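The values are calculated or read from the model by the stated rules, or taken from the named source; none is laboratory data. Note that the structure is a prediction, hence the values are computed from the model and not measured. Cβ atoms come from the backbone with ideal geometry, glycine included; neighbour counts cover every protein chain shown.
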Amino acid sequence: MRYAVSSLVLVLCAVGSTWGADPPTLEELAAGIERVRSAPDGERIVVGHISRKLDTSVDALRAQRARTTLAWSDLLIANLLCKGTKVTVDTVAAELKSGMKWEDIARQHNARLDELIIEVRQSQELMEQRAEDRAPPRTQSPASQGAPGGAPTSVVPVPSNSGSGRRY
């Protein structure tokens with residue numbers, strides 16, 4: 001009985017500490033994205049995700065990055081923050097370079113900080129899992145299931161010498 005009570009208390013403490021945990025900051029999420037970028041083939045993963053997420057060409061993102069000199073992770077956050085406000089990426093980049101924290105920039109421009117954090121966190125997780133980098137599962141069409149190597153087969157009718165000889 002004593003063991004059961006102490007186990008229950010331990011479980012409740014663990015659950016309570018998880019509920020009370022603060023969400024990661026945008027700076028922490030940006031650092032996580034930069035860790036993905038620094039991994040082998042990470043630049044392609046990160047840039048490809050940002051391009052799809054923002055529905056912007058890679059060339060346009062590279063130009064924006066060259067102009068603002070932001071890291072890829074910061075460029076993602078800046079674009080997401082600007083999406084719901086009237087502020088430009090260049091303005092946000094200048095504020096970030098002046099020493100402001102992402103949370104302060106978001107509040108200053110009345111951005112929905114909680115939604116921004118969720119969106120950046122989802123992006124970070126997708127990049128870490130490289131989920132978008134995997135090929136879709138292979139499926140076989142009914143015609144190719146019986147052929148060796150998955151190659152489609154064709155059936156050629158063979159004329160029969162039996163029957164009445166009439167052609168329909």
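Name, by its number, the condition in (1) within 24 Å of Asp22 (Cα to Cα); (2) free of Cβ contacts under 8 Å to residues at least 24 places away in the same chain; (3) part of a helix (DSSP H, G or I) that does not hold for Gly99.
For Gly99, the failing item is (3).
Please enumerate the residues belonging to segment 62-82 that are within 23 Å of Leu113 (Cα to Cα), among the hydrophobic types (A, V, I, L, M, F, W, C) and assigned to a helix (DSSP H, G or I).
Trp72, Leu75, Leu76, Ile77, Ala78, Leu80, Leu81, Cys82
Which one of Arg44, Arg65 is modelled with pLDDT of 95 or more and basic (Lys, Arg)?
On inspection, the qualifying residue turns out to be Arg65.
What number of residues in segment 103-117 are among the hydrophobic types (A, V, I, L, M, F, W, C) and either farther than 11 Å from Leu26 by Cβ or outside any helix (DSSP H, G or I) (or both)?
Qualifying residue count, segment 103-117: 1.
Restricting the first residue to segment 83-94 and requiring it to be closer than 17 Å to Leu113 by Cβ, which pairs with a second residue that is of a type in the set (Ser, Thr, Tyr) and surrounded by 17 or more Cβ atoms within 10 Å (Cβ to Cβ) meet a Cβ separation below 9 Å and a spacing of at least six or different chains?
Every condition considered, the pairs that remain are Val92/Thr68.
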